[in-house]
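I have placed the structure first, in the form of structure tokens, so that the comments after it can refer back to it.
Nothing in this text is a laboratory measurement; each read-out follows from the coordinates by a stated rule. The structure presented is a predicted model; accordingly, all values stated were derived computationally and were not measured. Please note: Cβ atoms are built from the backbone with ideal geometry, for glycine as well, and neighbour counts cover all protein chains shown.
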Amino acid sequence: MKSEGEYGKMPITYPYFGSITYIFEILMRGLGREDIIHPKKPSKKTAHLDSLYSPEFVCTPFKITLGTFIESLEAGAYELAFGASQGTCRLGYYYPIQKMILTELGYDFKFITFDWDHPWECVQQFKKISDDYNLTQTICAFRIAWIKSRYIDLVDKLLRYYRALEINKGSSDSIAEQAFQLILEAKGMGNIRKLKKKITNLFQKEIEINRNSNPIKIGVVGEIYVVHEPTLNLDIYRKLNDLGVVCNTHNTVGKLFDIGKKLNPFVREHYNISRKTAKPYLPYNCGGCAQDSIGDTILCKRQGWNGMIHLYPFTCLPEIIARSILPQISKKYGMPVLSLVVDEQTGEAGFQTRLEAFVDLLVRKKDEE
């Protein structure tokens, strides 16, 4: 086994994370890595590995990422790239515990972690795993990835709007897949900058929608992995779209990854506005996305959204705190909120029933108003 400080040019992988998985791929490609083991979408086999090797009461995202790492290691991966953070969210403890479990299982691997709270250290790590890139090349690859992350978020936003109103079912999913491929394949900053217009035009011209519809609009808040990973949230955006509901979330990876906005003193990032809005109810950042969940609920009400769905994994402490505050927010602002706790045991039928009942409530409330 290689020593802890040694980086070999051996196959690299990363967690499966909904559409955010594309950003990991973009970054690895940008760093010149061709030896990528693409993670499989979590399946029943993944869930079996999750429950077999994970501590019982650990966060569900921990279990799913561990399962996908095991599958990737079996497929030939050696380097495991994973994000980390500081604070009270248990995300910062994922990789050392997963490292212990995988070592006990006898796997030969190298964990490479990126702490988004320290961008410069991230760049240094990216340089180490690149195909012998210098610092300038590494920063350029990182820059391309954070710019493309904006367009990944754009595709998600457009998909969750057009799919709710599409006349020809399935057309929005097909166009979204084309848009994701455009993002992956775009090269050169000039072409990358044109992606926003290209993607928007693609949806507008290729998808026929019911323009007379006045749909219910629901915002989604909660723990970021659950908000984005369809396997864990039971494909909630598709379910809501199938009910004719337009939905979206402000809890995107761009708030962590878009260093360009962070370094621009003239840009007020949404998550900073959201956390400031939440401070009268939760003055301190208790970890994870708890403040964002509260702030986004208030902001969505001000923007005319009809309701909110709060998603979080079983035992997620920051979101449990947010869950205890949201009823007060709901009452004060007249914003209906449905909190849903999910794990690998969550049943499809009960989940669907609760969504349908919540949408019916919002429709009646909207009609009365």
Fill in the blank from the handout: Karplus-derived 3J(HN,Hα) from phi for segment 47-62 (6.51 cos²θ - 1.76 cosθ + 1.60, θ = phi - 60°), whole Hz, x at Gly and Pro, runs 4, 5, 5, 3, 5, 6, 10, 8, x, 4, 9, 6, 4, 4, x, 4
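What dipole magnitude, in Debye to the nearest 20, does the chain give about its Cα centre under +1 on Lys/Arg Cβ and -1 on Asp/Glu Cβ?
Dipole magnitude for the chain comes out near 1540 debye.
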Handout entry: Partners for LYS365 among lysines (Cα-Cα distance below 21 Å; same-chain residues under 8 apart left out)
Key = LYS217, LYS239, LYS301, LYS331, LYS332
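Grab the Cα-Cα distance for ILE273 and ASP235, subtract it from 0.36 nm times how many residues apart they are, and report the gain in nm with one decimal. Mind dumping the intermediate values first?
Details: separation 38, 0.36 × 38 = 13.68 nm, distance 2.80 nm.
Net length gain for the segment: 10.9 nm.
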Practice task
Extending each Cα 7 Å along its Cβ direction at MET100 and HIS38, get the distance between those two points in nm, one decimal.
Solution key: 3.5
Handout entry: Lys pairs under 28 Å by Cα in segment 12-133, provided they are eight or more residues apart or on distinct chains
Key = 24
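Report the extension gain between ARG211 and LYS157 in nm, rounded to one decimal, defined as 0.36 nm multiplied by the number of residues separating them, less their alpha carbon distance.
On the way: separation 54, 0.36 × 54 = 19.44 nm, distance 1.76 nm.
Between ARG211 and LYS157, full extension yields 17.7 nm more.
Taking R0 as 30 Å, what FRET efficiency do you get between THR353 and LYS169 from their Cβ-Cβ distance, rounded to the nearest 0.05? Don't skip to the end; give the middle numbers.
Working: r = 22 Å, r/R0 = 0.74.
The formula returns an efficiency of 0.85 here.
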Handout entry: Principal-axis tilt of helix 171-185 within the chain, Cα atoms, nearest 10 degrees
Key = 30
Exercise for the section: Excluding residues on the same chain fewer than 8 positions from LYS197, give the lysines whose Cα lies under 21 Å from its Cα. Expected result: LYS148, LYS157, LYS187, LYS205, LYS261
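Is there a quick way to get the dipole size of segment 167-257? I mean about its Cα centre, with the Cβ of Lys and Arg at +1 and of Asp and Glu at -1; what is the value in debye to the nearest 20?
Working: 13 positive and 9 negative charges, 113 e Å.
Using Cβ point charges on Lys, Arg, Asp and Glu, segment 167-257 gives about 540 debye.
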Completion exercise
Going residue by residue through segment 270-283, the Karplus relation 6.51 cos²θ - 1.76 cosθ + 1.60 with θ = phi - 60° gives ³J(HN,Hα) values, rounded to whole Hz and with x marking Gly or Pro, of 4, 5, 5, 5, 4, 5, 5, 5, 7, 4, x, 10, 9, x
Fill in the blank from the handout: For segment 92-102, Karplus-derived ³J(HN,Hα) couplings (6.51, -1.76, 1.60; θ = phi - 60°; whole Hz; x for glycine and proline) come out as x, 9, 4, 5, x, 6, 4, 4, 4, 5, 5
Exercise for the section: Straight distance only, please: which aspartates and glutamates reach the Cα of LYS366 with their own Cα at less than 17 Å, same-chain residues fewer than 8 apart left out? Expected result: GLU356
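Using a Förster radius of 56 Å, what is the FRET efficiency between GLU121 and THR346 based on their Cβ-Cβ separation? Nearest 0.05, please.
On the way: r = 36 Å, r/R0 = 0.65.
After rounding to 0.05, the efficiency reads 0.95.
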Practice task
On a 0 to 90° scale, report how tilted helix 195-206 is relative to the longest principal axis of the chain, with both axes built from alpha carbons and the result rounded to the nearest 10.
Solution key: 50
Exercise for the section: Note the angle between two axes, namely the Cα long axis of helix 317-333 and the longest principal axis of the Cα atoms of the chain, as a number of degrees from 0 to 90, rounded to the nearest 10. Expected result: 20
Completion exercise
Sorted by chain and number, the residues with a modelled amide H under 5 Å from that of VAL220, at a separation of 5 or more or across chains, are ASN248, THR249, HIS250, ILE309
Exercise for the section: Putting +1 on Lys and Arg Cβ atoms and -1 on Asp and Glu Cβ atoms, find which of SER274, PRO96, TYR14 reaches farthest to the positive end of the dipole of the chain. Expected result: SER274
